[in-house]
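The values are calculated or read from the model by the stated rules, or taken from the named source; none is laboratory data. Since this is a predicted model, take the numbers as computed values, not measurements. As a convention, Cβ positions derive from the backbone with ideal geometry for all residues, glycine included, and neighbour counts pool all protein chains shown.
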Amino acid sequence: MGIKTQDELRMSMNFKQVFCVGIFAFGLTQSISAQEADVAIGRYLPPEKDSVIEIFKCGDKYCGKTVCIKDNAYPEKDKDKGVVGTPFLDHNNEDPKLRTRPNLGMVFITGFDYSGEGVYKNGKIYNPRDGKTYCGKFTSLEGGNKLDLKGTLCSLSFIGKTNSWVKLAGVNLDDPKWDCTFKTKK
């Protein structure tokens, strides 16, 4: 190794500067992308307004679970589905072993990837109302204040249904009608 000329030193320093700026820009882009993806994280009301769903990060994917259910007990008219006055169970599940698990706290949205521009896809949505699992995607709208969740038949993705969920606001979850995983039991 010989002594470097001034031109060689300048080129070496320029390369290091450009490399460092490139690494910084890449890290900044990744950070912004992660912040953009996480905008969907939060609690939402589905159209029925009878539950609260929490979207959360599960590893590098996005998932959802039921964190509150309004009037979470079988009424007299549903005594064929469960014991009157007891919390709702996953009684429609195709797997008999899972029919005794509670709906409250159930993770039913799994494996969604963030693909950019507010779209999350390649996940599964389990519907405890009919006991079936669907393929799906959801789109975060209005800065994360609304989610459009689309469930489709996995074999026929053009057949499906979209529901719009709104970010939880203005609902009194302290009302005794609401059973929530994060409330202390009395």
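Remarks
- For the range 55-62, the criterion of being at pLDDT 95 or above, under 27 Å from Lys183 (Cα atoms) and buried (at least 19 other Cβ atoms within 10 Å of the Cβ) is met by at least one residue.
- Some residue of the range 84-97 being assigned by TED's automatic domain parsing to the domain that holds Val52, more than 23 Å from Glu36 (Cβ to Cβ) and among the aromatic types (Phe, Trp, Tyr): yes
- Residues of the range 63-90 that are of a type in the set (Gly, Ala, Ser) and either modelled with pLDDT of 95 or more or over 28 Å from the mean Cα position of the chain (by Cα) (or both): Gly64, Gly82, Gly85.
- Screening the candidates Gly116, Gly136 for the property of being of a type outside the set (Val, Ile, Thr), farther than 24 Å from Cys180 by Cβ and buried (at least 17 other Cβ atoms within 10 Å of the Cβ) yields one hit, Gly136.
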